[in-house]
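The values are calculated or read from the model by the stated rules, or taken from the named source; none is laboratory data. Values in this document were obtained by computation on a predicted structure and should not be read as measured data. Methodologically, a virtual Cβ is constructed for each residue, glycine included, from the backbone with ideal geometry; neighbour enumeration extends over all protein chains shown.
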Amino acid sequence: MIRAVIIDDEKNCRDTLQWQLSKYCPKIEVIANAENAITAIEMINQKKPQLIFLDVEMPGKNGFEMLEELKEIDFDIIFTTAFEQYAIRAIKFGALDYLVKPIDKDELMVAMARIREHSRHTSIEQVKTLLDYLKKHKDFPLQKIALPMLHGYELVSIANIVSCESNSNYTNIRLSNGQQLLVSRTLKEIEELLNMHPFFRVHHSFLVNLTYAIRYVKGEGGSLILSDNITIPVARSKKEALLKLIAPMLL
């Protein structure tokens, strides 16, 4: 059994989630509920849960502010939120899990399956990445991203990402040092996270960091040659938009 604490200022949300867990996720045992950050911190210190469901929007201290006050994080975190796309973006940057209210039972079961598959708790690096993002202006791009891997998480400098290639529900990410990472996120999810950086979806299967582009080869859609001599195909529908972006960069 995985011991869990639900933290939410709305009683009906706490009750509903607890009922959903008992019905659809019997291996999760809810050992406590908390209606605010202060009570939650006390419960976490006393009960030592393995998992917390943390509401983002709470009066007094929100979920993020609560995390800043914890001395250590030795449990998994799933954020719950009814809105706030900026908060969701920050959560994604830390490669942390979240559920949108009202919580769908299928999404809940998928999140619980991911928790069971992980061999370790949420890392302090993930939380630091999230809090670092929140301290910056919404339009200020973060410099690192936490990438979920089969063994855990890899913190990577965004500037070192050369290209990303779709691999079903995974993404192959190639770095400037030649390293390749298989990330358990779709290319669409990666694209959303990197949209404030110089990345462009040149093809349904490829996302490219345009700072590494050195040459465009003509063709129906053409192809883009990167600084590591890798050739990336360009979809015909993306050709015009790409040429406008890269014209000042190419040799």
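Restricting to the stretch 149-167, give me the number of residues that are more than 17 Å from F200 (Cα to Cα) and touching a His at 6+ places or on another chain (Cβ under 9 Å).
The total comes to 1.
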**Prompt:** Got at least one residue in the stretch 179-197 being farther than 21 Å from Y153 by Cβ and in contact with a helix residue (DSSP H, G or I) (Cβ under 9 Å, 6 or more places away or on another chain)?
**Reply:** no
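Of all residues in the stretch 183-197, which are among the hydrophobic types (A, V, I, L, M, F, W, C) and closer than 14 Å to A95 by Cβ? Steps first, please.
Kept after step one, since they are among the hydrophobic types (A, V, I, L, M, F, W, C), are these residues of the stretch 183-197: 183, 187, 190, 193-194, 196.
Hits for the stretch 183-197 are V183, I190, L193, L194.
So that you can scan it fast, the table gives a plain yes or no per residue for (1) in the same structural domain as V127 (by TED's automatic domain parsing); (2) among the basic types (K, R); (3) under 18 Å from the mean Cα position of the chain (by Cα):
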position	(1), (2), (3)
G152	no, no, yes
H204	no, no, no
V217	no, no, no
S227	no, no, no
K239	no, yes, no
**Message:** Given the criteria of a type in the set (D, E) and in contact with a Lys or Arg (Cβ under 9 Å, 6 or more places away or on another chain), does E191 qualify?
**Reply:** yes
**Item:** Check on A113, more than 13 Å from I7 (Cβ to Cβ) and either surrounded by fewer than 20 Cβ atoms within 10 Å (Cβ to Cβ) or polar (S, T, N, Q) (or both)
**Value:** yes
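Taking the criterion of being in contact with an Asp or Glu (Cβ under 6 Å, 6 or more places away or on another chain) and outside the structural domain of L96 (by TED's automatic domain parsing), would at least one residue in the stretch 184-191 satisfy it?
First, pick out the residues of the stretch 184-191 that are in contact with an Asp or Glu (Cβ under 6 Å, 6 or more places away or on another chain): none.
No: the stretch 184-191 contains no residue that is in contact with an Asp or Glu (Cβ under 6 Å, 6 or more places away or on another chain) and outside the structural domain of L96 (by TED's automatic domain parsing).
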**Message:** Going residue by residue through the stretch 76-94, is there one that turns out to be free of Cβ contacts under 8 Å to residues at least 24 places away in the same chain, outside the structural domain of E191 (by TED's automatic domain parsing) and of a type in the set (S, T, N, Q)?
**Reply:** yes
**Prompt:** Would the stretch 91-108 turn up any residue that is in a strand (DSSP E or B), touching a Lys or Arg at 6+ places or on another chain (Cβ under 9 Å), over 30 Å from S157 (Cα atoms) and of a type in the set (D, E)?
**Reply:** no
